[in-house]
Amino acid sequence: MSNFWETKTLAEMSRDEWESLCDGCGRCCLHKLEDEDTGDIYITSVACKLLDLKTCRCKNYTERTRFVPDCLELHSVGFEQYEWLPKTCAYRLLHEKRPLFSWHPLISKRENSVKKSGMMVSGYAISETTVKDVDDLEDYVLELQT
Ligand code: SF4
Ligand code: SF4
């Protein structure tokens, strides 16, 4: 039987299929910085205040945009916004017609494969609530997002 993520476009997926694509890595919940001159996007280790740093899940997923208005609702934003997603994100991968990684739970069939692969941010992310001055985000840059 074919896998839905290989036969359907993102727009064709059911809500359950769509939600199952999220691997729970938490990487989209890290603050990013954009270089105004080049358009390059950099990922920091500073996480949104609603991210549970242990489970890497949003603490208030259903009402998140009430508290974090700039949180991207992927289901409803345009695909041009996907450049803000990490290159390992399942939504971005499928949008760019690339395969899921072997550690994705839909491939591995194991819930803990994301953690084992080191893709979860739980080991290094800090909450924005513990950062003194959010204007200092440059001090927390981890890598260039490609
Ligand atoms: S980066 Fe993508 S796969 Fe990872 S938590 Fe965010 S939406 Fe889910
Ligand atoms: S509101 Fe929730 S889903 Fe949105 S960035 Fe924050 S932790 Fe992530």
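Here, each number is a calculation from the coordinates, and none is a lab measurement. For clarity, every value in this text was computed on a predicted model and none was experimentally measured. Heads up, the Cβs are rebuilt from the backbone with ideal geometry, glycines too, and the neighbour counts pull from every protein chain shown.
Loop sites here are trypsin sites (Lys or Arg not before Pro) outside DSSP states H, G, I, E and B with no more than 10 other Cβ atoms within 10 Å. The longest part of the chain free of them is 1-53. Annotation: amide H of Ser127 within the under-5 Å range of Ala47, sequence separation 5 or more or interchain, hydrogens built in the peptide plane.
A cut-off of 5 Å between modelled amide H atoms, ignoring neighbours fewer than 5 places along the same chain, links Gln145 with Ile41, Tyr42, Ile43. Per-residue 3J(HN,Hα) values for the range 131-142, derived from phi via the Karplus relation 6.51 cos²θ - 1.76 cosθ + 1.60 with θ = phi - 60°, read 8, 4, 10, 5, 6, 8, 4, 4, 5, 10, 5, 9 Hz in sequence order (x marks Gly and Pro). Dividing the Cα radius of gyration of the range 4-145 by 2.2 N^0.38 Å, with N the residue count, gives 1.05.
In nm, to one decimal, how far is the Lys132 label point from the Asp70 one, both placed 7 Å along Cα→Cβ? The modelled label-to-label distance comes out at 2.2 nm. The residues neighbouring Gly118, those whose beta-carbon lies less than 14 Å from its own, together hold a net charge of +1 under the Lys/Arg +1, Asp/Glu -1 convention.
Note on Lys116: lysines with a C-alpha under 26 Å away, same-chain residues under 8 apart excluded, are Lys32, Lys49, Lys54, Lys59, Lys87, Lys97.
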